[in-house]
Amino acid sequence: MSLRKTSINVLIALTMGYIALFSHDHLFHRSGPNAPENTSTSAAGLVGDEPSYDVQIFSRDPLILHIRDFVSRAEINHLLKISEGTYEPSKVYPEGNHHINRLSRVSESAVLPQDPIVRRIKKRAQRLQGWRGNDTVLERLKVQRYAVNGFYSWHYDWHGNLPEGDRVTTLLVYLVGNNCTGGGTNFPRLKRPEDPRWCQIIECENDEYAGVTFKPIEGTAVFWENMHPNGSVHYDVLHAALPVKSGQKVGLNIWGFDLGWKAPSVGR
Ligand SMILES: O=C(O)CCC(=O)C(=O)O
Ligand SMILES: [Fe+2]
């Protein structure tokens with residue numbers, strides 16, 4: 001093939017790629033089933049195109065993604081505003097027994113009302129996870145607020161033995177945290193990656209905790225699968241909200257709950 005023919009072919013391929021990309025974008029953002037809610041006012045920059053976020057695979061087993069700019073500044077302000085006045089002390093529920101236990105968890109929680117902005121963020125979270133069948137639903141969004149000395153000690157988000165299903169995914173979005181010290185999300189069973197570029201998003205120096213600690217960078221999110229591909233619970237997703245030493249941290253929990261989840265009888 002002559003050089004001229006090759007470059008024409010490359011040009012055609014690039015143009016086709018551009019058209020494919022463009023129409024994909026067109027389908028998803030404007031006319032697809034997941035188009036943003038039709039919110040007609042543009043107050044506070046909350047409406048319009050979906051914010052573009054940036055995803056990186058942090059770990060393959062368990063699957064953990066790090067997502068930059070998952071929510072916009074205007075969305076953060078809105079979520080903080082609608083949660084104000086509705087916080088209650090957070091509870092824990094070992095063996096189905098819901099109670100406050102200040103030895104394992106000190107924070108306040110607020111369940112968010114379902115307004116158009118909340119629904120839009122839920123749709124974004126759902127689309128990120130792909131179509132998992134009608135049995136997997138997102139729980140009501142929950143905001144967790146940690147003051148100085150607030151924390152949530154090491155735990156799993158899965159239950160492992162509920163008859164009604166289980167939490168199969170966790171999407172944790174940091175709403176406030178840029179000015180706090182402490183307050184990272186620690187996974188003690190993960191191996192810290194060696195490449196120093198990860199240090200932008202995880203603690204590298206002076207991390208007094210084993211494993212990996214994600215920094216609570218506002219707008220970013222950490223997503224993980226709580227189960228192995230065959231449905232068995234994953235023990236390496238053990239995690240904690242480390243104590244806040246100064247400032248304040250607020251996180252948004254978006255959990256994927258599979259109503260049809262059952263523990264597999266063998267293996268992982
Ligand atoms: O806020 C964090 O860093 C983790 C929170 C958490 O694990 C939870 O609410 O289940
Ligand atoms: Fe958790």
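The figures follow:
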{"read-out": "Accessible surface, per residue, of the stretch 167-268 when the full set of protein chains is kept, probe 1.4 Å, Å²", "value": "43"}
{"read-out": "Formal net charge of residues neighbouring Gly183 (Cβ-Cβ distance under 12 Å; K, R +1; D, E -1)", "value": "+2"}
{"read-out": "Violating pairs (Cα-Cα greater than 20 angstrom) within the set Lys215/Lys249; Lys191/Lys215; Lys122/Lys191; Lys81/Lys215; Lys91/Lys142", "value": "Lys122/Lys191; Lys81/Lys215"}
{"read-out": "Burial ranking of peptide ranges 59-66, 128-135 (average Cβ count within 10 Å, highest at the top)", "value": "59-66, 128-135"}
{"read-out": "Derived scalar couplings ³J(HN,Hα) [the stretch 73-78; Karplus, 6.51 cos²θ - 1.76 cosθ + 1.60; whole Hz; x for Gly, Pro]", "value": "4, 5, 5, 4, 4, 5"}
{"read-out": "Note, ³J(HN,Hα) from phi for the stretch 107-113, Karplus 6.51, -1.76, 1.60, rounded to Hz, x at Gly and Pro", "value": "6, 10, 10, 9, 8, 7, x"}
{"read-out": "Within the stretch 197-233: backbone nitrogen closer than 11 Å to the Thr181 label point (7 Å, Cα to C-beta)", "value": "none"}
{"read-out": "Built amide H within the under 5 Å cut-off of Val168, gap 5+", "value": "Gly256, Phe257, Asp258"}
{"read-out": "Hz values of 3J(HN,Hα) by residue in the stretch 133-140 - Karplus curve (6.51, -1.76, 1.60), Gly and Pro given as x", "value": "x, 6, 6, 9, 10, 8, 5, 4"}
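The values are calculated or read from the model by the stated rules, or taken from the named source; none is laboratory data. Small disclaimer: the values here were computed from a predicted structure and weren't measured. Neighbour counts run over all protein chains shown; Cβ positions are idealised from the backbone, glycine included. Heads up: the accessible areas ignore ligands, DNA and RNA and are worked out on the full protein's heavy atoms, side chains in. Shrake-Rupley method; radii C 1.70, N 1.55, O 1.52, S 1.80 Å.
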